[in-house]
Structure formats: structure tokens, C-alpha cells
1. As a test question: what accessible area, to the nearest 10 Å², does ASP905 have when a 1.4 Å probe is rolled over all protein chains in place?
2. Based on the Cα coordinates of segment 565-651, what is the per residue volume of their convex hull in Å³?
3. Provide the net charge surrounding VAL682, with neighbours chosen by a C-beta distance below 14 Å and charges set as Lys +1, Arg +1, Asp -1, Glu -1.
4. Just to confirm a number: summing +1 for Lys and Arg and -1 for Asp and Glu over residues other than THR530 whose beta-carbon lies under 13 angstrom from that of THR530, what do you get?
5. By its C-alpha gyration tensor, with a ≥ b ≥ c as the square roots of the eigenvalues, how is segment 666-770 shaped: rounded for a/c under 1.5, else prolate for a/b larger than b/c, else oblate?
6. I need the calculated FRET efficiency for the pair HIS487 and ARG458, taking r as the beta carbon distance and R₀ as 22 Å, to the nearest 0.05.
7. Enter the accessible area of LYS361 (Å², nearest 10), with the probe set to 1.4 Å and all protein chains included.
8. So what are the ³J(HN,Hα) numbers for segment 601-607, from phi and the Karplus equation (6.51, -1.76, 1.60; θ = phi - 60°), rounded to whole Hz, Gly and Pro as x?
Amino acid sequence: MKGSGSFPVGSVGSFLLGSVTRGHSQWDERLGVIPSGINGILPTFTAWCNSHLRKAGTQIENIDEDFRDGLKLMLLLEVISGERLPKPERGKMRVHKINNVNKALDFIASKGVKLVSIGAEEIVDGNAKMTLGMIWTIILRFAIQDISVEETSAKEGLLLWCQRKTAPYKNVNVQNFHISWKDGLAFNALIHRHRPELIEYDKLRKDDPVTNLNNAFEVAEKYLDIPKMLDAEGKRGIPEAPDPGGSAPKPHPKPQIPCAPSCWCGSSPKPHPKPQIPCAPSCWCGSSPKPHPKPQIPCAPSCWCGSSSQTSSQTPNSLCPQLLAWIQRTIPWLESRDPQKTIPAMQQKLEDFREYRRVHKPPKVQEKCHRVGSRALGESQGGFGVILEDFGVTPGGFWCAQDIGAGWQRLEQAEKGHEEWLLTELRRLERLDHLAEKFRQKASIHEGWTEGKEVALRDRDSGTASLAQVRALLRKHEAFESDLAAHQDRVEQIAAIAQELNELDYYDSPSVNARCQKICDQWDLLGSLTHSRREALEKTEKQLETIDELHLEYAKRAAPFNNWMESAMEDLQDMFIVHTIEEIQGLIAAHDQFKSTLPDADKEREAILRIQQEAQRIADLHGIQLPGNNPYTSVTPQIINSKWERVQQLVPKRDQALQEEQNRQNSNEHLRRQFGSQANRVGPWIQTKMEEIGRISIEMNGTLEDQLNHLKEYEQNIVEYKPNLELLEQQHQLVQEALIFDNQHSNYTMEHLRVGWEQLLTTIARTINEVENQILTRDAKGISQEQMQEFRASFNHFDKDHGGALGPEEFKACLISLGYDGDAEFQRIMAVVDPNGSGTVTFQAFIDFMSRETTDTDTAEQVINSFRVLAGDKNYITAAELRRELPAAQAEYCIARMAPYPGPDGIPGALDYKSFSTALYGESDL
């Protein structure tokens, strides 16, 4: 950037984009942290975003809400960067919004910006603090970062530029970005410096800041086409941050910084040439008690190109001078500053530096570590001379390690400085290339605009033209003069950029100067030709005002009507995804409302066409040859009719698509209701049956045979009810095929009903089996119905959790009620009633135990009689008969304890149930 010179008018207004924060906390440019007074800066940041988004035909209203879906954030980045971002996701779910915001944040990160504590979730959640921090980060990266004046930082460069521009003005002393701007004079001075005709600076008073600020903002808005983004009262009323030094409060400087980047009209100044560092004798790095000879070292950069493999077999003593010599050869190369004129040349220097780091430096690092490591080893062990001699190092070589350390430190410092210089030079050349490309683009646009203008201006067709034609030519010439005046700023900008490229010693300045001179000469010629043609055309007095006014009216009405038709076609072809009847009904209602506007739209179309027809009628009446196209618009009657026909074709197609979707949603709703109705019947039925079966197994209503019959009736009823479940399965299949995933008409799912059905079948089968076993036990032991009811009542009494089995503590309470005492006694009885060690006592085992407890002196005989019934009146019984007639646990218990039958009528595997019964009856510990 240069300290003086021309300044683009459009950029002056852009200077007014900045504002002052309303908070007191410090802004952190690296972290993007926003002050606590967020409400004060929301309007300014919103206006800054809208100044860019309007280029894309949109804007935002609420900065912490409108960026939440990531769509306008991605659009903002595309506008300010000129690059295309990945295609956004159009879904409305949270994951789609997070993905869009992540794409924007990834793009910012790809530009070298480190985002700290700013994540997609905070933006999507509408965190205003984080959203403003992100916008501030974008401003820093895309509006400020690349600015530099005389190798200063962006902030310092902007301040220096402002100081130079406002130096001649009284009462203006720009020393900072806070209180120096508060009276408004600095803003007016910047505008006056480049457009003095817009502001009467001498009439401004320092003690009237409101008037000064309003004047600057209004002039920028009215004459420079820059929106007014801050009022003067808001500027003056902004709370001030306390000065760290205890002085008067002052506005925070950070928000002033984004004001000035758009004023930037060039790149950074030409860097001062730095002298080449001559080759000089190297010296040992550091000092030692006995100086070594100082060899002459050849010049860099070839100093580091030696092969490191040659040193691997040498001793540390021999490596030391070589390593020091390499350091002395390398440092001058690293300290040399030889600026290049092109980016490829500078990139080659950067690649040489990277090759030095990647290839040539690592072996020297190993040598350094080997040399210094030998020294450290000697010092740590105390055997200084012995250890050094083991490595072949003399005392002088030991002191060389100190020289290596000092030299290596100088090498690292030179290396860091060289890298910083390379990167700075690259940025400078990139800025130059950017400025040159800007010159080429503006020159190309201007040359494209001027193409054919000279020939048209030299045409002398007014002598033989009709009155109507002359008037039309005069109107066209007036428009051309306005266009010519509008291009004055572009020519000035081209000249200013060329001047700046010359001052920055751009390598291709001759071609830039030649092209700039050609443009300026052509511009002077166009001005002269324009004046001559106007003098010729002004000889006529009349114009085709009627036709021109009709054309203008046609354009004003045709443009919005054409936009309406394009929007209508887009809406009619827009895809829709709905999941409920309410959603499709809403779309149908909106479509019906649109169709109701078609008659009025057709009337407007006919009115627009009549305007064009009237213009043609007048031209035909007066013999005027009209131009092929309307000068005010490219929308022809043919385009309007074509698009109207397309709208008429799309309306019935949209009707059909909406009707088909409504039919599909009605079908889906029918499937939901059908499944929900059936599920709401089957689910409660299963639950009721489960409860009834549970009550039957617990309550002793009637005899066991009555309970068994009742349960079998339940089982038959369950089997007969299965078609209802099968019907539900069929309905569920239809729901799945229709891709219906939710059903608000029922809380039951097919998975829950399947599990409940299986549990019901298992419960009824288990309960029937238990009752059958109880009948066998009752018959075998001769237990009466009254005793069975007493046993059941007692069992239910101690079954506190109603689980159908007694736990250890519940059974222990039962034993205590029977008079048993002691843990040993309890464990012995528990082993009898729970032989498998399951930890529970079933009702069947409880009956066995209680029957033994209540038996009289004839119990042994009764047991024998019971086994005789099971054996079919035989004197023995087989294991198969026991397993068939008794529960599995009791059968295995008897088989394990019965002795083989000794009688002659026995068969292989016959068991003696008589001796077992006698022994069992005789066991007093039962």
C-alpha cells in the first residue's frame, strides 16, 4: 500500500461499515471471543453480513438464528471468498444443520484459521456469543489478514495508512482505533481526501460529533452507494471500556479495525532490499580454552549439500571440526536475503529450504547428538579422561562440544529467521500477483466495454435519419454518456493500480504501463468523440417519447411478472416429502390458493402484451423501424407466453402428484388405524389372560380337577384366539411394506405382542403341568382336598412376592412356624426339598414336605401303596416308570436312593420301592 495517491470512491463508503462494540470485555482475535455486551454489536455484524449476502440476492434478519441451518453461512463464505463450497444438505433435521455448519467451519479452517471453542453445535443451538465470534474470525481472515504496510501487521498498517491520509486536516490526529474517531472528523477527512466535492470540511466543528458522524454516513450512503450501517447517536452512545492505565474510558479499538480493510487500494509497499551476505571465513561457534585453526568455508547454499554418510564411521574427535565447519557454511546461507520477483522462484527457495531441513540437516543433528552426548557421558560418570579416550576424543575435542552447542543455537536462530523471511516474501509476492491480476481483470473488463464504442461514436447517421430515429439516437447517446461517466472511476482505479505496481517494482511493469497508457489514450479519444456526437445529435428536437415510455412501462411490469412465473414453475416442480395427512393437506391447500391467483395473473399478462402491441401499433402508424429488443428488458412477449404455457402445463401435473400423495397418505393412515385397532384388542386380551392364569395357579377355587379343566379351557381359548394374532401379523406386514415407522393409534408394537403371546403359551402349559403333578401327588400320598387347600393357603401366605415359589428366607419362615429351629436343621431340610440347589421351593416340593410332616403311623404303608399304584401292582418299579409318573427332581431323588429289587420276579433295572419306603419312613430326621 502506498502512503498517498488515488483512492477508489467505492472503497471510501465501505470504510463506514465498522462500528464500536457496546461491551467492555476484550476481544481475542485468535479465539474469536465476543464481549459480554452482545446486543450492541448485533446490528452492525448483521449489516456487515447483509452487505455481502445481498450480492447473492438474500439477507439475514437475526444473526444468531439465520445461520443455524448453515445454508446462509455457506453462501456468505462463497460470496466473500469467491470459491465454491461443498453442496449443502437441504434437510431440516439437526444433523443436517450440523453437517452444513461443519462444512463452513472446515472451509474456514482450510484457510489457515484456527477455530478455538467454536463448534457446529454452538452455532446450530443459536449461541449468539459463539456465532459473533465466528463472524469476527471471518472478518479477520477475509478482510484484514493479508493487509500490510511497510512490513507491518494488519492493524499497524491500517493505522499508518489512516494517519497519512488524514495528516493535512486540522483537528484530526489518528493515533488509535478508538477515541481518535469519536468526533467524526476522521471519517469526513477520509472522504474529503478522495472526493472533496462531497464534503465542506472547513464548516465542520469538532464540538458537534453527531452532525459530523451523520454527515459522513449520509454522504457515503447517498453518493458512494454504501448502505448506512450505524447511526451517529449509536456511535456516540456506545459504552466505553476502562483504560488499563486508569485514564478516562475509551471505546474498544477492535471493532474499528474491520472498518478500513475495504479502503485498502493496493498491496503492501516495496520491501527494502536487503544486502547479500558475502562469503566470509567461518569461525568456531562458542569459545574454548585453546582456539583451533579457523578454516575458510565456501559460500552457501551448497554448504549443506555434503553426504552425511561419510561421517558415520568417524570418531567424535574428527566429527567436531567438520560439524562446526558445516554450521559456519550454513549460517551465511540462512542469513542471506535474496528477494525474487516471481512466486515460482521464491517457492523454489522455499523448497530448497525444506530440502535442507528434510535431507541435509537430520544427519547433522545425529552428529551433534553424538558429540554432545560424549561430553555429557564423561561429565556424569566422572571418568573424564578414560571415557573420552574410549571414544577417541582428546581434551580439545571435548571443549569442541561447547562450540557446537553455541554454533547450533546460532544455526537454529538463523533457520527460524530464514523461514519467516521466505514466508513473508511469498506473501508479498502473492499480494503483488493478486494486484496484477486485479489490474488485468479490470483492464479486460474495461477493454471489453470499450470494444466497438469508437466506431459507434464516429457514425454520422443523424444527417439522413428521420426525426423519430434521431430522437432515439439522442436518448441512447445520453445513456451512453451516463455509462461513460460511471466508468471514470474504473479508469482511475486502473491507473492507480498501475502506479502502485510501479512503486512496488513489479517485474512485469513495462507491459502493465503500456496497457495502462493505451487505455488512458483510448479514454481521452472516447471523451472527445462523445462530445462531438452529442453536438450533432442535439440538432434534433424531438424523440420517440411515447414509444420509449411504453417500452419502460412494459419493462417495469414484465420483469416482476416474469420473476413470478419463474418462481411458480420452480414451486410447481419442487419435490415434496410428507409423512402425515396433515402435511399433504397443507401442500394441497397452498396449491389451491396458488391456482386461485391464476385468473388475475392471466389478466396481468394480457395487459403487459397490450403495452407492447400499442408500441408496435404506433411505430407502424408513423413508419418507425423499432429495434429488435426492448432497450429496458430482455423479457420478450414470446418469453412471457412460453413461460405462461409452461405454468399452465405444470398445474395439472402438480394436482396429480399431490392427489397421488394424498391417496398414499390416506392408505398409510388406514393401515395405521387398522393395525392400532387390532393391536389394542390383542394386547389387553393377552395381558388379561396372563393375570387370570396367575390367579388360577394361586387361588384354590374348587378341586384340582376343576382347576385343571378350567386351565384346559383357557388353553383351548388361547389356541382359538391365535387367528387374531395371525391377522395382526398380516397387518403388520402391510405396514412394513408401506414403510410406516410410527403409529400414534397404539402403544403396542408387533415385537411386544409376539413376546406376550409366547409368554402366555408358556405360562398356561407350565400351570397345567403343575396342577397335573399336584393331582398325582395328592393321589399318591392320599392327601384330601381340604389338606391341599390348607397347603396352598399356607404356601401363598409365605410366598410374599407371589412368584409361585418360596425363597430361602420365605421357606425358613415357614419352618419356624412349624416349630423347626436352627440353621443346620434348615439347611438339611432345604437340601431335601431342593435337591437341585436352585434356591427355591416349588409348590410340589412344599406339598411333599408338608405331607410328610402331617403323616400318621400308617405313612410307610401308604407310601408303599402309592408306589404299588405307580408300578401297576408289581412288587418292583422301574426308573422309566418313576420318570414318567413323578416330577423330574423327585424321580431322580427316588432312583438315586432305591436299592435294586432282589425278588425272583424282577427284571433288569427293577428297583425295590418297599425297602425305600420303609427306610424313608424310619428316618427320624425327616
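The values are calculated or read from the model by the stated rules, or taken from the named source; none is laboratory data. Values in this document were obtained by computation on a predicted structure and should not be read as measured data. In this analysis, Cβ positions are derived from the backbone assuming ideal geometry, glycine residues included, and neighbour counts consider all displayed protein chains. Side chains are part of the model used for accessible areas, which takes the heavy atoms of the whole protein and leaves out ligands, DNA and RNA. Shrake-Rupley method; radii C 1.70, N 1.55, O 1.52, S 1.80 Å.
1. 70 Å²
2. Once divided by residue count, the hull of segment 565-651 is 95 Å³.
3. After counting each charged neighbour, the total is -1.
4. With Lys, Arg at +1 and Asp, Glu at -1, the net is -3.
5. Prolate is the answer for segment 666-770, as a/c is 1.5 or above and a/b outweighs b/c.
6. For R0 = 22 Å, the calculated efficiency reads 0.70.
7. We get 20 Å² for LYS361.
8. In residue order, the calculated couplings are 5, 5, 5, 5, 4, 5, 5 Hz.
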